[in-house]
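The values are calculated or read from the model by the stated rules, or taken from the named source; none is laboratory data. In this text, all values refer to a predicted model and were calculated from it rather than measured experimentally. As a convention, Cβ positions derive from the backbone with ideal geometry for all residues, glycine included, and neighbour counts pool all protein chains shown. Surface accessibility is based on the protein's heavy atoms, side chains included, excluding ligands, DNA and RNA. Shrake-Rupley method; radii C 1.70, N 1.55, O 1.52, S 1.80 Å.
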Amino acid sequence: MLFALLASSEGATGAPMSPFEVNFGLFFWTWIVFGMLFFLLKKYAWPAILSMTEQREEAIRRHLAEAEQAHEKATALLAEQQTLLAESRTQAQAILAEAKMVSERERAAAVLRTREEQDQLLARARREIAAEGEKARQELRREAVDLSLAAASKLIGEQLSADADRKIVMDFLSTLESSH
């Protein structure tokens with residue numbers, strides 16, 4: 001029944017029943033509409049589409065050129081930065097080496113000054129010790145002379161003259177020291 005319905009509707013509209021059938025009226029009008037649409041698109045739409053496409057192409061080229069320039073500039077800046085960084089490292093190492101050398105020199109100078117001061121203090125202490133020793137010896141001699149004179153005056157029983165007797169005892173002590 002469906003087939004009969006389809007067959008009766010074909011006769012009324014004039015449309016082909018099979019997709020492989022050719023209808024020349026439809027074919028003619030399709031070409032006419034296509035030609036007018038092609039003419040309208042060619043006259044009005046394509047120049048606008050073409051100009052917009054060309055503008056877009058030019059903008060893309062310009063952006064690519066700017067990106068390439070920016071890349072080259074960034075590469076140059078990176079190389080310059082690396083060069084400056086290497087130079088600053090070299091300078092920092094040189095400054096550190098110089099500071100180390102200066103500190104070593106200062107340390108050596110401080111050690112030398114300290115040794116010289118120690119030597120001076122030691123020499124002064126030795127001189128003071130020698131002077132104090134000599135002073136103590138002189139004092140001891142005087143005391144020995146005084147004791148000797150006091151002992152001799154008690155033995156002899158009379159007072160001896162201090163200056164003459166002292167000179168005699170001092171000369172005797174000097175001869176004793178030179179013999180030892």
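Numbers below:
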{"read-out": "Test item: Cα-centred dipole of the stretch 41-157, Lys/Arg +1 and Asp/Glu -1 on Cβ, debye", "value": "260 debye"}
{"read-out": "log10 of Debye I(q)/I(0), alpha-carbon scatterers only, for the stretch 17-109 at 0.20, 0.21, 0.25 Å⁻¹", "value": "-1.01, -1.03, -1.13"}
{"read-out": "Fraction of accessible area attributable to carbon and sulfur, the stretch 29-114 (%, probe 1.4 Å)", "value": "67 percent"}
